[in-house]
Amino acid sequence: MKKNLKAAVILVLTVGAVYLFIRFTMSGRGISPPGEEGLSRPVVSAPQTREMDLFFADATGRRLSIERREISGDNTEDLLKRVVEELIKGPVDEDRMRILPESALVRAVFTREQTVWVDLGGAIQDEHPGGAWTEVLAVYSIVNTLTENFPGVSYVQILINGRESETFAGHVDISIPLENRIQLLAGDWE
Amino acid sequence: MNLIPQRLFRRFLLAGVLFISTILPLESSGQVSAITVRVPGESLKQITTRSGRVDLQSVIEAFDLRSSMDVLGERLDLVGTRGSCRLLLDSPLVLSRGLVTIMSGPLVNFGGSLSLPPDFLTKGLPALTGRSASLDASALTLGKAGSGSFKGQKPDELTRFASFIRRDQYVPEELLKEGPKGLSVVVLDPGHGGRSLGARGTTGTTEKDLVLNVAEKLKAKLEEGLGIKVVLTRTADYYVGLKERTAIGNNNRADLFLSIHANATFRRDIDGYETYYLSLKSTDKQASSYAEEENRALGVNGSKGDNALLEAILWDMAQTAYVRESSHLAGMVQNRLVSDLKGRDRGVRQAPLAVLMGARMPAALVEIGYISNPEQEVRLNRLSHQDQIAQALYQAIEDYHRGLVRGEIKRGQP
């Protein structure tokens, strides 16, 4: 009797674990398909923890440089938001340079089809040091981090205080959804 | 990345100098002549032609036209007593009342003035005067009032393609051969201003003040040294939008645009010089939005998606025509800063900089040093150092000017 109970418990736990595992891996694979409601529809997925490649600058400020970090989120959108917040926290390794101001705030992150909208507070402009290339690296630290770690994400549209902005902090065009620029790891735009 | 490696470029320069000096005669300033205009019941008028092209200003004066350029300096509307037409810079199209016709060459800015092919007088002018027009070698004869009208066709693939072609060869051969060779108008763009402070140094230096000082010094040097027209996008501490800055360049028919900035980053130990020009390729989305705007300008309502290939061609050409020259300009600016000021060379790169987009001329953005580096900030505050920077930039623009005069830098030939 006791043995049967034990077997039943193990069976239930195994099925549960398999179910959670499948859900976890499916949801971790990328953005949920778009619904007709579009923007207003929250992406529902399970809490998850993943290793992410975060793009910071190298010590010379010429190119992007990757630091790996484990990040948890309640669902995919929450995870996307936390990843950007980790970028704002800055690198741990001293051979890398932060590329977003410490006081910057992520107001919201939302997704539709292959695009992620990242809505940042105005401090990201006001507190940015002001060099053109530092700004290029700042924009693409966000774009590359999101497109590299979330295969369902192809475009990143950055908003400042909820609105589209001509530039990120005075130089770099962010008026349109941006695509991955992995060449910036070598310090090249093209 | 540089389009042409520097060593190769130098060789190219040298070869160019040798070639030009042996083959070509001394430069000519272009043959100036006049077309006599006969209008029934009116006295004779004159239209100026230069190197076989009609000077637009003389047409405006002869027929008492009103002209207005759009804010970005892309479209020119002409209004006469009997109607109006639209011309697009670097394009052979004439548009009027939803119809379009193609001239034998584009409307072009060269050496600070706009010029047209002579057949504008027979193809475009009737839209403005309501008179027929016939042209022989040196005389234009107009018919009676009401004798002519604009003969255009509905925009189609052919006319759309003609508008794409424009960026490939935006300077007609005759102007390259006989027009002014060097720079005529330079626009300098001191970054930021007003509420846009730009970068700030640790002791309070602001980028907007620093770059204005340098731009003013550079303007004086260029006017004195090269005797050319120099326009600043701002002359004091006020805000100017990024599109306005390019528009000032376009509207002044500039043949060079240099945006002057000071650099800053998160680490104080970083220093050196950097120069940028616009990236050649942009995203597909950018290309299509540009093409849509183009089609709106032409009054074309093509169905979406049927001309994706043409749109891609259009975008590539739009950039190609200037990016090659811009890379020469950026390389020369960076060379002078690094060699004349003995600074750290942080390279010439392409970047998606908003202030360079829409510039219908070679354009670059220079970072004259890091004010986030305390030592460099102190240097940058010295008037003597600002003067050295202005001098290095002057030398670079003079290098570019010489490159044009000697034919080492080719205009509008990707």
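Overview of results
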{"read-out": "Pick from region B:384-411, criterion closer than 16 Å to residue B:260 by Cβ and surrounded by fewer than 18 Cβ atoms within 10 Å (Cβ to Cβ), ranking: nearest to the other protein chains (Cβ to nearest Cβ)", "value": "B:385"}
{"read-out": "Residue A:170 small (Gly, Ala, Ser), touching a Gly at 6+ places or on another chain (Cβ under 6 Å), on the phi > 0 side of the Ramachandran plot and within 13 Å of chain B (Cβ to nearest Cβ)", "value": "no"}
{"read-out": "Sole exception among (1) open to solvent by less than 20 Å² (accessible area, probe 1.4 Å); (2) in contact with a Gly (Cβ under 6 Å, 6 or more places away or on another chain) for residue B:253, by number", "value": "(1)"}
{"read-out": "Test result for residue B:190, over 30 Å from residue B:267 (Cβ atoms) and not β-branched (Val, Ile, Thr)", "value": "no"}
{"read-out": "Complete set of residues in region A:156-167 that are open to solvent by 50 Å² or more (accessible area, probe 1.4 Å) and more than 7 Å from every other protein chain (Cβ to nearest Cβ)", "value": "A:161, A:163, A:164"}
{"read-out": "3 or more residues at pLDDT 85 or above and away from chain A (no Cβ under 12 Å): qualifying helices (runs of 4 or more DSSP H) within region B:242-348", "value": "B:242-251, B:308-341"}
{"read-out": "Selection count where residues are open to solvent by 60 Å² or more (accessible area, probe 1.4 Å) and in contact with a strand residue (DSSP E or B) (Cβ under 6 Å, 6 or more places away or on another chain), scope region B:209-236", "value": "2"}
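Residue-wise test of (1) modelled with pLDDT of 95 or more; (2) open to solvent by 10 Å² or more (accessible area, probe 1.4 Å); (3) assigned to a strand (DSSP E or B); (4) among the aromatic types (Phe, Trp, Tyr).
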position: A:108; (1), (2), (3), (4): yes, yes, yes, no
position: A:116; (1), (2), (3), (4): yes, no, yes, no
position: A:124; (1), (2), (3), (4): no, no, no, no
position: A:130; (1), (2), (3), (4): no, no, no, no
position: A:139; (1), (2), (3), (4): yes, no, no, no
position: A:144; (1), (2), (3), (4): yes, no, no, no
position: A:151; (1), (2), (3), (4): no, yes, no, no
position: A:169; (1), (2), (3), (4): no, yes, no, no
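The values are calculated or read from the model by the stated rules, or taken from the named source; none is laboratory data. Note that the structure is predicted; figures quoted are calculated from it, not measured. Cβ sites come from the backbone with ideal geometry, for glycine too, and all protein chains shown count toward neighbours. Side chains included, ligands, DNA and RNA excluded: accessible areas come from the protein's heavy atoms. Shrake-Rupley method; radii C 1.70, N 1.55, O 1.52, S 1.80 Å.
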